[in-house]
Structure formats: structure tokens, C-alpha cells
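A.B. asks: I'd like to ask some things about the structure below.
The values are calculated or read from the model by the stated rules, or taken from the named source; none is laboratory data. These numbers were taken from a predicted model, which means no experiment stands behind them. When we count neighbours, we look across all protein chains shown, and the Cβ atoms used for this are built from the backbone with ideal geometry, even at glycine. When the accessible area is computed, the model is the full protein with side chains, heavy atoms only, and any ligands, DNA or RNA have been set aside. Shrake-Rupley method; radii C 1.70, N 1.55, O 1.52, S 1.80 Å.
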Amino acid sequence: MIFLIAVAVGIAIGYLTGGRLRRLSSLKLRWTWLVLLAILIQGLIFPLFTARPVIPVATEALHLVSYLLVLVWLGLNIRVRPLLLVGAGALSNLLVIVVNGGKMPASITAVSRAGGEFAAHQLTENGVYGNLVLMGDKSHLNFLGDTMYLPGSIPFATAFSVGDLVIMIGLVWLMAWGMRGDG
């Protein structure tokens, strides 16, 4: 959901710099259904509004499959320059998730300050929650984990990683760039 903020900011910048939404079609992104499938998979294994996933098995494997689908899509659209930044962020996230057994290490402080008290409690009690693993001595590459956050008072508040931040910057660039017809 946090990526929607980046898209909205990109659209605003696009308009402020003389761009038009209709010009986004000039990007000619291929195989976009791969991204939609990846989002669907993540929605089924990491539910947003319930405590239980729709698909409660093979979570780590499906999480990795969703990232691989996005990386394939990025590879197919590599000619779109802003997607290089999106790809760098996705690779960063994939790296930290792979070395942590299919889960993203998360700072209790970041999760809690983002308004995720229930998730922070679950992480403290169980060491895992959804796609997160408790950040600590047993997790790896913690600096690439969810250490930053939007405060809980902001819509779509969440803890996020350096990779997520890079993806968001890439999405802002993509929207503004595409709206100007630079693609």
C-alpha cells in the first residue's frame, strides 16, 4: 500500500512539470499481468485486513515466487529507465528476504511507531508475523530490513526497508517521466 503514495506523488510531480496522465500509455510496459499476479500472491499469503492468510502453506516459497515474477517483469521492461531503480530496490528486498528464510527482518520500534502494535506484539511473542521476522542477532542484513516507518497517523502507515524506499523513488520517477512522455 505504501507504493500507492509513491504513485500519487509521481502523478502530482508529473502534472506540476507539464505532464499528462494519458502519456503513460507511451511507456508500452509489457507483461504487466506478471506484477498483478505477484500482488495477488502476496495478498493471498500476507492478508491485509485479517489475521489469517487465504493460502496458509508454502508462504516463504510463494513470497519468493512473487518477487521472481516482478524481477522477470522488470527484465522484460528494462528499457524503461526508472524501472532500473525499481529493480535495484526489489533486488535489495529479495536479497534480505532470501538470507532470512523468506521473511523480511523488521524493527519492533519501526513496526510499533507505524501503528502496528498487534504486529509488533506478534513479532515479540512469536518471532514472526506474516512476511516479517523479528530483527535481531539471528536475522541477517538487518540494515536492509524494515527499519524506517511512516507514523501511524498517516494513511498507509507502515514500516519499510531501504529497498522499499528505492522502489518508491523509482515509482515517483516512472510516473513523472512517463507523464511527460519521456519514455
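A.B. asks: Among the complete DSSP H segments of the chain, which ones combine at least 20 Å of alpha-carbon extent along their axis with a mean Kyte-Doolittle hydropathy of -0.5 or more?
C.D. replies: On the way: long enough: 2-16 (22 Å, 2.67); 59-76 (26 Å, 1.68); 82-99 (27 Å, 2.28); 162-179 (26 Å, 1.89).
Correct list, ordered by number: 2-16, 59-76, 82-99, 162-179.
A.B. asks: In debye, nearest 20, what is the charge dipole magnitude of the chain about its Cα centre with +1 on Lys and Arg Cβ and -1 on Asp and Glu Cβ, if you could check? It would help to have the intermediate numbers written out before the result.
C.D. replies: Values: 12 positive and 7 negative charges, 178 e Å.
Here the chain has a charge dipole of around 860 debye.
A.B. asks: A further question on this structure: Give me the percent relative contact order of the chain, please, defined on Cα pairs under 8 angstrom at least 6 residues apart. Mind showing how you got there, number by number?
C.D. replies: Numbers: 309 pairs, mean separation 61.9, N = 183.
Normalised by residue count, the contact order of the chain is 34 percent.
A.B. asks: With an 8 Å cut-off on Cα pairs and a minimum separation of 6 or more residues, tell me the relative contact order of the range 1-77 in percent.
C.D. replies: Values: 45 pairs, mean separation 24.5, N = 77.
Contact order relative to length: 32 percent.
A.B. asks: So, with a 1.4 angstrom probe, what is the percent of accessible area on the range 1-125 that is carbon and sulfur?
C.D. replies: On the way: 4910 of 6950 Å².
Looking at the range 1-125 in its full context, I get 71 percent from C and S.
A.B. asks: If I build a Gaussian network model for the chain, linking alpha-carbon pairs within less than 10 angstrom, which residue out of 115, 87, 163 has the largest mean-square fluctuation?
C.D. replies: 115
A.B. asks: Based on C-alpha coordinates, I'd like the Rg and Dmax of the range 27-183, in Å.
C.D. replies: Rg, Dmax (Cα atoms, Å): 15.9, 50.
A.B. asks: For the range 137-183, what % of the accessible area comes from carbon and sulfur atoms, probe 1.4 Å? Before the final figure, lay out the partial values.
C.D. replies: Details: 1530 of 2350 Å².
That share works out to 65 percent.
A.B. asks: What number comes out for accessible area per residue over the chain if the probe is 1.4 Å? Units Å², please. Please report the intermediate quantities before stating the final value.
C.D. replies: On the way: 9820 Å² over 183 residues.
Each residue of the chain exposes 54 Å² on average to a 1.4 Å probe.
A.B. asks: Which one, 85, 56, 13, is farthest towards the positive end of the dipole of the chain when Lys and Arg carry +1 and Asp and Glu -1 on their Cβ?
C.D. replies: Farthest along the dipole direction, towards plus: 13.
A.B. asks: Report the dimensions of the range 94-135 along its three principal axes from the alpha-carbon atoms, largest first, rounded to Å.
C.D. replies: Principal extents (Cα only, largest first): 26, 18, 13 Å.
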